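A.B. asks: Dropping a structure here in structure tokens format, bear with me for questions.
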Amino acid sequence: MARKKVKLAWITNDSSRRATYKKRKKGLMKKVSELSTLCGVNACAVIYGPNERQPEVWPSFCDAQHILMQFKTLPEMEQSKKMMNQEAFLRQRMQKLKEQLTKHQKENRHWEVTMLMSQCLLGKGLEEVSINDLSDLVWLIDSNMKMIHERTETIKAEALAASKQQAKEESMMKMKVGEEERRATTALEEVVAMEMESLQRQQWFMDVMSPNDHILCTGEEMTLPFVDGSPWLDGCYP
């Protein structure tokens, strides 16, 4: 369960104020001890409480005095670099609240002008509209038109980029298909060439195995296309 946000103001009730002081002082001492232990930094705390003769010091008076002496040896600019008093804290807080207020006012005005534009689109006249409202209405319309134009240009650019990417992919696909077709054609041509070569070899072998087809006859005698001494000459008759 989240704790209730405490209003930062002086507590008027004495008993409640004393109880808060004791509880917050104990918690502050614990936080300083945890900071020093977990982060390994030199830290001390000195608290002057109401109706107390001596201040409460952590971790000890000597350690706190040593840390303060180290702080005083720093240059003045370094000492005041991250320091903040109550007035500076309140000024910073007020500045943040002013910025938040300005932001909310701008948002409210934007919604008011948007509602006025919607009413105009529904047919409501502009007779009772002030000059400031008209100026803000013109600014809102121009802003919306500019936003629509920028969005349109963005969509066109995205569509063009997608079209180029698609064309590039299609071109790469066509190149890939053409390369595959070329490879297939080359492979087919090689197969055909091998088949033709095989058929030629077979034909040559058949021609060799049928020597009568190579006997040439001229007149009354038959001559062979082979040299003398061929065994086929013994079987040649007129």
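The values are calculated or read from the model by the stated rules, or taken from the named source; none is laboratory data. Here the structure is a predicted model, which is why all the values come from computation and not from measurement. Here the Cβ is made from the backbone with ideal geometry for all residues, glycine too, and neighbour counts use every protein chain on show. For the accessible areas, the whole protein counts, side chains as well, though only heavy atoms, and no ligand, DNA or RNA atoms are used. Shrake-Rupley method; radii C 1.70, N 1.55, O 1.52, S 1.80 Å.
A.B. asks: Being of a type in the set (A, V, I, L, M) and not in a helix (DSSP H, G or I) narrows it down to one residue among Val138, Val129; which is it?
C.D. replies: Val129
A.B. asks: Please indicate, with yes or no, whether at least one residue in segment 196-217 is surrounded by 10 or more Cβ atoms within 10 Å (Cβ to Cβ) and at pLDDT 85 or above.
C.D. replies: Yes, segment 196-217 contains a residue that is surrounded by 10 or more Cβ atoms within 10 Å (Cβ to Cβ) and at pLDDT 85 or above.
A.B. asks: With the requirement that a residue be open to solvent by less than 100 Å² (accessible area, probe 1.4 Å) and either touching a Leu at 6+ places or on another chain (Cβ under 9 Å) or within 21 Å of Asp142 (Cβ to Cβ) (or both), what does segment 86-111 give you?
C.D. replies: Glu107, Asn108, Arg109, His110, listed by residue number.
A.B. asks: While we're on this one: Run down Arg3, Arg24 and say which single residue is under 26 Å from Arg93 (Cα atoms), open to solvent by 100 Å² or more (accessible area, probe 1.4 Å), modelled with pLDDT of 90 or more and within 47 Å of the chain's Cα centre (by Cα).
C.D. replies: Of the residues listed, the single one that is under 26 Å from Arg93 (Cα atoms), open to solvent by 100 Å² or more (accessible area, probe 1.4 Å), modelled with pLDDT of 90 or more and within 47 Å of the chain's Cα centre (by Cα) is Arg24.
A.B. asks: Condition first: open to solvent by less than 60 Å² (accessible area, probe 1.4 Å) and without any contact (Cβ under 8 Å) to a residue 24 or more places away in the chain. Now tell me which residues in segment 27-40 satisfy that.
C.D. replies: Gly27, Ser36
A.B. asks: If I filter segment 50-76 down to residues being part of a loop (DSSP other than H, G, I, E, B), closer than 30 Å to Ser15 by Cα and at pLDDT 90 or above, which single residue comes out as least open to solvent (accessible area, probe 1.4 Å)?
C.D. replies: Ser60
A.B. asks: Any chance you could count how many residues in segment 3-49 are among the polar types (S, T, N, Q) and part of a loop (DSSP other than H, G, I, E, B)?
C.D. replies: Count: 3.
A.B. asks: Exactly one condition in (1) among the hydroxyl-bearing types (Ser, Thr, Tyr); (2) closer than 30 Å to Ile67 by Cα; (3) open to solvent by less than 90 Å² (accessible area, probe 1.4 Å) is false for Ser16; which is it?
C.D. replies: Failing condition for Ser16: (2).
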